[in-house]
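Reviewing the structure listed below.
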Amino acid sequence: MSGKLIVITAPSGAGKTTIAKRMLEAYPVLEFSVSATTRQPRSGEVHGKDYYFFTEEQFRKKIETNSFVEWEEVYPGVFYGTLKHDLKTIWDSGKEVLLDVDVRGAMQLEKQYGEDALTIFIKPPSIEVLINRLRSRATESPEKIEERISKASNELQFESYFDEVVINEILPDAVRQVENLIDDFLFT
Ligand code: 5GP
């Protein structure tokens, strides 16, 4: 069985994870697709809820067995991917899928699912705001933050690949805009 997908994407620091969480609270019909990653869990993160935390060997096995809908090396040496099995389980339970993935992964999903996917690109009001948001993140080392800034600057070029673009300047406004898009996509 297959159903619909809502894909929230953005450069790191644009606020997509916060928006994705709000959508899960607002729409009981949506279920978060848990991705696989080879990065270390952050404090409080739970295997099977936030991510499936795989070793690189486990991740490569899943690539070999064609178990991913899409996967990317999001940061050098760090892999992330959406598992086919996870999407199927959600659709089989009668729900629709919500995904929070990087920009290249979202482009792959847009290509594969076309009309069945609503892809939303969350954009920061400016590159300066994005850089400030990333620098104020206490969870990452300065080196990792600089890596994220350079990747995010590059990803800002790809907004035209997506169905919709929402600027996250004032969070409640961005949340309302995304809700309107989801209402149109799921219910009209
Ligand atoms: P974080 O490590 O901060 O949780 O996520 C880093 C980046 O990886 C974010 O942009 C997040 O959206 C992205 N990401 C998470 N899961 C997936 C996935 O399954 N596929 C792809 N392509 N990116 C993902």
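The values are calculated or read from the model by the stated rules, or taken from the named source; none is laboratory data. Just so you know, these numbers come straight off a predicted model, no measurement behind them. Here the Cβ is made from the backbone with ideal geometry for all residues, glycine too, and neighbour counts use every protein chain on show. Side chains are part of the model used for accessible areas, which takes the heavy atoms of the whole protein and leaves out ligands, DNA and RNA. Shrake-Rupley method; radii C 1.70, N 1.55, O 1.52, S 1.80 Å.
When the range 130-147 is filtered for residues that are of a type outside the set (Lys, Arg), in a helix (DSSP H, G or I) and open to solvent by 50 Å² or more (accessible area, probe 1.4 Å), the ones remaining, listed by number, are Asn132, Pro142, Glu143, Glu146, Glu147.
One line per residue, one yes/no per condition, for (1) more than 9 Å from the ligand (Cβ to nearest atom); (2) crowded, with 19+ Cβ neighbours inside 10 Å; (3) in contact (Cβ under 8 Å) with a residue 40 or more places away in the chain:
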| site | (1), (2), (3) |
| --- | --- |
| Glu56 | yes, no, no |
| Val69 | no, yes, yes |
| Gly81 | no, yes, yes |
| Val97 | yes, yes, yes |
| Val101 | no, yes, yes |
| Gln112 | yes, no, yes |
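Within the range 130-168, the set of residues being touching a residue at least 24 places away in the same chain (Cβ under 8 Å), under 17 Å from Thr18 (Cβ atoms), out of contact with any Phe, Trp or Tyr (no Cβ under 8 Å at 6 or more places or on another chain) and aliphatic (A, V, I, L, M) comprises Leu130, Leu134, Ala152, Ile167.
In the condition set (1) closer than 21 Å to Tyr113 by Cα; (2) near the ligand (Cβ under 10 Å from one of its atoms), Thr37 is compliant with all but (1).
Just checking, does the range 28-49 include any residue being loosely packed, with under 15 Cβ neighbours inside 10 Å, in contact with an Asp or Glu (Cβ under 8 Å, 6 or more places away or on another chain) and of a type in the set (A, V, I, L, M)? Yes, there is a match, as at least one residue in the range 28-49 is loosely packed, with under 15 Cβ neighbours inside 10 Å, in contact with an Asp or Glu (Cβ under 8 Å, 6 or more places away or on another chain) and of a type in the set (A, V, I, L, M).
Residues that are within 20 Å of Leu30 (Cα to Cα) and not charged (D, E, K, R) within the range 167-188 comprise Pro172, Ala174, Val175, Gln177, Val178, Asn180, Leu181, Ile182, Phe185, Leu186, Phe187, Thr188, listed in sequence order.
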